[in-house]
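One structure is given below, encoded as C-alpha cells.
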Amino acid sequence: MAALLETEIWADYRGGKAVLNGVRLEIAAGETLALIGQSGSGKSTFAMAILRLLDWKGGKVRGRIQFDGRDLTAASEREMRSIRGKEIALILQSAASALNPMLRLGTQFEEAWKAHSREPWKTAGVQKASQLLREVDLNPEEILRKYPREVSLGQAQRVLIAMSLLHDPKLLLADEPTSALDVIVQKEVLDLIRRMTASRRMATLFISHDLLSVAALCDRVAILHHGAIVECAATADIFANPKHPYSQKLIGALPVRPQFPMVDLPSSLVALAESTAQSEQVSIAPVR
Ligand SMILES: Nc1ncnc2c1ncn2[C@@H]1O[C@H](COP(=O)(O)OP(=O)(O)OP(=O)(O)O)[C@@H](O)[C@H]1O
Ligand SMILES: [Mg+2]
C-alpha cells in the first residue's frame, strides 16, 4: 500500500548548520508512528517542515514531502493553506502560545471551522466542536464561552487537541501533546488519539520524550539522531531489541521494559507508571 506521507528532508536555519540531513520517513494511513530523539535533534523542525512553516522561523527545507499523491515542497502557499489544519493538523508543544489570549475559545473554534468548512458554524460547527470537546472530557457549553486565561494548561492542551480534529485530518502531527498533562489526562488523551486513529484511519506522527506513552500508543518508532533516522522498527521490536547504539542507550535508560502486546492502553500505562514510580516520567537524556 502506498504511504500517506513519505519524506526525504534536509532543513537548516539561517546561519546555522543542517538540522535535518535527509530524514526519510513513511507513514501509512491509520498508522501511529513515534518520532523520538534527544532535545534539539530536530523533531519539531521536522513537523514544521512537513507543513512548510519553516520560513516563518527563519528556516529552509528541501527534498521531498510526498503527501497523499502530492509533493508539498512544490505546492503553492495557497495550496498549503488549504492543507494546513484540514488535511494535516498540528498540535504544538506549547498550548499556552498556540491559543489567542484575546479571543474566547468559542471564537477560535469558529475561526478554525470557517477556515475549511462551508457548513454553518452555529449548527454543524458547534455540534462537531462539542462532540470533540466531550471526547477530551471537557464541557462544551462552559469551555466555548471561556478565554484561554480562564482554563488550566491541561484543559488548554485538550482544547487544542479537539480543535486539531475539527476537520478530520488525514494526518495529525502531535508534537509532545501530552507533556503538560497529568498522568490521568495523559492516558485519556492517548486513548483518544488511538480511537481517532482507528475509527477515522487518521495517521499520527507522535513526537514524544515519554517512551512509555510511545510504547502504549505507537505502531512503529523512528529514532532521530544527528539529523537522520538511525533506526525505524515496530514498537515491540525496538523495545525488545534496539539495534543502533543510540537506540540501545535510549531504551536501556528505561527502568522497566514494557511488555507487548499492550491490549488495554490505559491500564497498561497505569501499570507501567506505577512500576516506574521513582522516575515520574522516563525521558530521553541528552547524549554526551
Ligand atoms: N528559529 C530557529 N533559528 C535557529 N535555530 C533554530 C530555530 N529553531 C530551532 N533551532 C535549532 O534547531 C535544532 C532543532 O530544534 P528543534 O526545535 O527541532 O528540536 P527538538 O528535537 O524539537 O527539541 P525538543 O525535544 O527540545 O523540543 C536545535 O539545535 C535548535 O537550536
Ligand atoms: Mg520540539
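Laboratory data are not the source of any read-out in this text; all were calculated from the coordinates shown. Just so we're clear, the structure is a prediction, and the values are computed from it rather than from any experiment. Every residue, glycine among them, receives a Cβ derived from its backbone with ideal geometry; neighbour counts consider all protein chains shown.
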Out of G85, G16, G40, any idea which swings most in a Gaussian network model of the chain, alpha carbons joined below 10 Å?
-> G16
Over all directions, what mean area does the Cα convex hull of the chain project, stated in square nanometres?
-> 15.3 nm²
Mind computing the radius of gyration and Dmax over the alpha-carbon atoms of segment 105-151? Å is fine for both.
-> 10.4, 30
Report P(r) for segment 8-162: all Cα-Cα distances, bin width 10 Å, range 0 to the bin holding the largest distance, values in whole percent.
-> 10, 33, 33, 22, 3
Gain in length, S76 to E141, computed as 0.36 nm per residue apart minus the alpha-carbon separation, to one decimal in nm?
-> 19.6 nm
So what is the relative contact order for segment 101-166, in percent, with contacts set as C-alpha pairs under 8 Å and at least six apart?
-> 46 percent
As a check on your grasp of the helix formula, calculate [θ] at 222 nm for the chain: sum -39500 (n - 2.57) over DSSP H runs of n ≥ 4, divide by the residue count, round to the nearest 500.
-> -10500 deg cm²/dmol
Length-normalised contact order of the chain in % [C-alpha pairs under 8 Å, at least 6 apart] = 24 percent
For an R0 of 45 angstrom, estimate the FRET efficiency from the Cβ-Cβ distance between R104 and S39 and round to the nearest 0.05.
-> 0.85
Top mean-square fluctuation among S130, S152, S179, Gaussian network model of the chain, C-alpha springs under 10 Å?
-> S152
Listed pairs K57/K86; K43/K122; K114/K146; K122/K146; K128/K187; K17/K86 exceeding 27 Å between Cα atoms = K43/K122; K17/K86
Taking θ as phi - 60°, what are the ³J(HN,Hα) couplings along segment 95-105 by the Karplus curve (6.51, -1.76, 1.60), each to the nearest whole Hz, with x for Gly and Pro?
-> 5, 4, 8, 7, 9, 7, x, 8, 10, 4, 4
Eligible aspartates and glutamates near K60 by straight Cα distance, threshold 20 Å, same-chain separation 8 or greater = E6, E8, D12, D71, E77, E79, D175
With only Lys, Arg, Asp and Glu charged, each at its Cβ (+1 for the first two, -1 for the last two), find how big the charge dipole of the chain is about the Cα centre; round to the nearest 20 debye.
-> 760 debye
What are the residues whose amide H is under 5 Å from the amide H of Q259, where those residues sit 5 or more places off or on another chain and H is modelled from the backbone?
-> none
Cα-centred dipole magnitude for segment 101-166, charges only on beta-carbon of K, R (+1) and D, E (-1), debye, nearest 20 = 140 debye
Spelling it out for A222: with amide H atoms placed in the peptide plane at 1.01 Å from N, the residues 5 or more places away or on another chain with amide H under 5 Å from its amide H are A34, L35, I36
Unit Cα scatterers, Debye sum, segment 85-188: log10 I(q)/I(0) for q = 0.17, 0.20, 0.24 Å⁻¹ | -0.72, -1.03, -1.50
Work out the charge dipole of segment 101-166 with +1 on the Cβ of Lys and Arg and -1 on the Cβ of Asp and Glu about the Cα centre, then indicate which of S152, A115, M163 is farthest towards its positive end.
-> A115
Going 7 Å from the Cα of V256 toward and past its Cβ, which residues in segment 195-217 have a backbone nitrogen under 12 Å from where you end up?
-> 212
Using amide H atoms built 1.01 Å from N in the peptide plane, name the residues 5+ places from R24, or on other chains, whose amide H lies under 5 Å from its own.
-> I9, I229
Protection proxy (average C-beta count within 10 Å per residue), highest first, orders 17-26, 69-78 as 17-26, 69-78
